[in-house]
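Below: one structure, written as structure tokens.
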Amino acid sequence: MKSLFKNKKAIIITSIILLIAIVGGICLVLFGNKDNRSNNKSLKEGEYVAYVKINPLVKLKFKSSFYECEDKDGKVNLCEKFTNEVIGAEFLNDDAKSIYKDLDFKGKSLNDAIVLIAKTAEDKDYNITNIDINSNWNYIDNVKKEVTDQIKKETNVEVEIKFNYQKSIDESSILEKEKNKKYTVRFDSDGGTNVEDQTSRSNKERIYF
């Protein structure tokens, strides 16, 4: 009789454990997939460009390897670590050709290349407080803090990086804006006749005084 009671008790306990396991499995199937969508990672690799503009304008070509993750709302984000390596650089205006001609960006990380661009420009007395970046790599914002912190460390200048993502970049449009940019020229007459400020478009107008 005691043996029968013990067997019945063991069967009940086993049944309860099995029931809990089954319910847990069902919950995992129903709710776990949605909550764990952020774990759905896909590796992306490709070549991209970044147009870095202070006043000198530089086109950086780089290759990147990174993971994209989809969160529970279906939004795709950068996740985990990523790599960026510069594979080439072009100097797109006279200022860039003048001050960067002796620099080698190849093999540097994108971060280090942007810092080098800013540091060299600052050494040549360019205002680096505003840096504009156009890129077809959608995650430049993920490098902004590290870049701005490094520039501040090396130059003691607070910079603001403005990032514009374009899936397809029209280089001719960027260069056209460069041709039509305007300058304000101020004159120091050193005690002589005062000369008013004049505005000129690059490669378009002469300054008269």
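The values are calculated or read from the model by the stated rules, or taken from the named source; none is laboratory data. Keep in mind the model is a prediction, meaning the values are calculated, not measured. Here the Cβ positions follow ideal geometry from the backbone for every residue, glycine too, while neighbour counts run over all protein chains shown.
If we scan the range 47-56, do we find a residue that is within 20 Å of F163 (Cα to Cα), in a loop (DSSP other than H, G, I, E, B) and more than 20 Å from the chain's Cα centre (by Cα)?
As a first pass, look at the range 47-56 and keep what is within 20 Å of F163 (Cα to Cα): 47-56.
After this cut, where a residue has to be in a loop (DSSP other than H, G, I, E, B) as well, the list is 54-56.
Next, only the ones that are more than 20 Å from the chain's Cα centre (by Cα) stay: none.
The answer is no; no qualifying residue exists.
The helices (runs of 4 or more DSSP H) found entirely in the range 75-159 that carry 3 or more residues being in contact (Cβ under 8 Å) with a residue 40 or more places away in the chain and under 14 Å from K59 (Cα atoms) are 94-100, 110-123.
Taken over the range 160-176, the criterion of being in a loop (DSSP other than H, G, I, E, B), touching a residue at least 24 places away in the same chain (Cβ under 8 Å) and not polar (S, T, N, Q) is satisfied by K167, I169.
From K167, K108, grab the single residue that is among the basic types (K, R) and modelled with pLDDT under 95. Going through K167, K108 in turn, the sole match is K167.
The set of residues in the range 115-146 being of a type in the set (S, T, Y), within 10 Å of the chain's Cα centre (by Cα) and closer than 18 Å to F91 by Cα consists of S135 alone.
Could you check, for the range 113-131, whether at least one of its residues is in contact with a Pro (Cβ under 9 Å, 6 or more places away or on another chain), among the polar types (S, T, N, Q) and surrounded by 14 or more Cβ atoms within 10 Å (Cβ to Cβ)? Checked the range 113-131: at least one residue is in contact with a Pro (Cβ under 9 Å, 6 or more places away or on another chain), among the polar types (S, T, N, Q) and surrounded by 14 or more Cβ atoms within 10 Å (Cβ to Cβ).
Considering each of Y183, Y208 in turn, give the residue that is at pLDDT below 85 and not in a loop (DSSP other than H, G, I, E, B). Let's see the steps before the verdict.
Details: Y208 fails: not in a loop (DSSP other than H, G, I, E, B).
On inspection, the qualifying residue turns out to be Y183.
The single residue among G24, G74, G46 that is loosely packed, with under 12 Cβ neighbours inside 10 Å, at pLDDT below 90 and either in contact with a strand residue (DSSP E or B) (Cβ under 9 Å, 6 or more places away or on another chain) or not assigned by TED's automatic domain parsing to the domain that holds T120 (or both) turns out to be G24.
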